[in-house]
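Comments concern the structure below.
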Amino acid sequence: MNYGEIKNFDIANGEGVRVSLFVSGCTHHCKNCFNKETWSFDYGKPFTAETEELLLKELAPGYINGLSLLGGEPFEPQNQAVLLPFLRRVRERFPKKNIWCYTGYLFDTELLGESRARCEYTDEMLRLIDVLVDGEFVQELYSITLQFRGSSNQRIIDVKKSLASGEIAEYKPKSGRI
């Protein structure tokens, strides 16, 4: 897996101060994607053991609330194969920090149902994620007033509650607005 960027002090892609990893590779190709260069699986730098250690070091300070995964597309199967072991390490080392993930795939129909994203890693990867922002970016539904998402079709999902109840549970940001 390659990655396009790491942001060490990101306040736009999840609550609080976060470390964000932008993975490479995406088959959605959303119109007016903000990160079009990451569509290519070859874009950026290889995600290595050294990259993992750097990210774990950046996650360590107490003022960092958690990790955000963006893309590209974290749920492309080849990206899941690399991200799953990394997410296990993040959870083990930082059990109180949260993990957000942005995906163009729909949680209930594509990640839990049949789709090109669903593979042997998907269920465990979902169990390690706290908040999932799902759905492709749709330019016609874009609004600058939306918090933590680009278009109004995208949902902010409390993954743990949703998996436990079997129904989509909307995540409520601490700020109270979405």
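General remarks:
- Label-point separation in nm, residue 147 to residue 7, each point 7 Å along Cα→Cβ: 1.7 nm
- Potential lengthening of the chain between residue 63 and residue 49 amounts to 2.6 nm, from the contour at 0.36 nm per residue minus the alpha-carbon distance.
- Between the listed residues 25, 75, 128, the Cα displaced farthest toward the positive end of the dipole of the chain, a dipole computed from Cβ unit charges relative to the Cα centre, is found at 128.
- The trypsin sites (Lys or Arg not before Pro) of the range 15-51 that DSSP puts in a loop, and whose beta carbon has at most 14 other beta carbons within 10 Å, are 31.
- When only the Cβ of Lys, Arg, Asp and Glu is charged (+1, +1, -1, -1), the dipole of the range 2-165 relative to its Cα centre reaches about 440 debye.
No lab work stands behind these numbers, since they all come straight from the coordinates. Because the structure is a prediction, the values reported are computed rather than measured. FYI the Cβ positions are ideal-geometry reconstructions off the backbone, even for glycines, and counts take in every protein chain you see.
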